[in-house]
Amino acid sequence: LLKPINDLSIGLEATSQEAGELLIMTMNAFGASGHEAQKYADIIAKMRTTSALDFQRIQESLSYLAPVAKVAGKSFEESAAMLAVLVDNGIKASKAGRLTAASFLRLSKDGLTLEDAMNKVNKAQRQGQSETELLALSTELFGVNSSAVGIILSSNRTKMAELTAEYENAKGSLDELTDI
């Protein structure tokens, strides 16, 4: 783990201890082994270069989302894409992680997946429902505090898919970031 941690430290302008904590916490949350450290470090580096997420924002958002995302059936790449989309749409990183985790929990309590809920919001959009009706639907599905998360994620499915693919193919991103 030493090389990916040191490189993350350089690339994210964080201490080695902070970079190590982030990498290990993320790997543990997603059930990854030490052999996957470079892959996870590459994804974190790619998050940094493809979104408004910096070290602190990545750390804050993942501390909330990572433990719940794995249980909700989301990969690290999908989770990273959701966070990037939310932060790039003006949601504070810590809030994005917390509210997305809360959304997963609320949806699962109601027997829904994130995809189910986004499909309902997208269907309402296609049917021409007003913004007020969309907000009411998103509030019903995602909760009062997370309704904006539901609308943003539903409206940015293509962007999330593109980012997920980028993160799945992030090999070498940490080297590029440390070179910069």
Fill in the blank from the handout: Note on the stretch 4-94: C-alpha Rg/Rh, Kirkwood Rh, two decimals, gives 0.93
Problem - Whole-Å semi-axes of the chain's equivalent ellipsoid (Cα gyration tensor) - result: 31, 15, 13
Handout entry: Value of relative contact order over the chain, rounded to a whole percent, pairs C-alpha under 8 Å and six or more apart
Key = 27
Practice task
Determine how large the accessible area of L105 is when every protein chain is in place; take a 1.4 Å probe and give Å² rounded to the nearest 10.
Solution key: 100
Fill in the blank from the handout: Computed over the stretch 53-128, the relative contact order (Cα-Cα under 8 Å, seq sep at least six) in percent reads 32
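In deg cm²/dmol, rounded to 500, what helix-only [θ] at 222 nm does the chain give when every DSSP H run of at least 4 residues adds -39500 (n - 2.57) and the total is split over its residues?
Here the helix-only value at 222 nm equals -24500 deg cm²/dmol.
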Problem - Coil-residue chymotrypsin sites (Phe, Trp or Tyr not before Pro) of the stretch 83-180, DSSP, other Cβ within 10 Å capped at 13 - result: none
Fill in the blank from the handout: The lysines whose Cα lies under 19 Å from the Cα of K109, excluding any fewer than 8 residues away in the same chain, are K70, K74, K120
Problem - Net charge, A96 excluded, C-beta distance under 13 Å - Lys, Arg +1, Asp, Glu -1 - result: +2
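The values are calculated or read from the model by the stated rules, or taken from the named source; none is laboratory data. These numbers come from a predicted model, not from an experiment. Note that each Cβ is placed from the backbone with ideal geometry, even for glycine, and that neighbours are counted across all protein chains shown. Note: areas computed on protein heavy atoms with side chains; ligands, DNA, RNA excluded. Shrake-Rupley method; radii C 1.70, N 1.55, O 1.52, S 1.80 Å.
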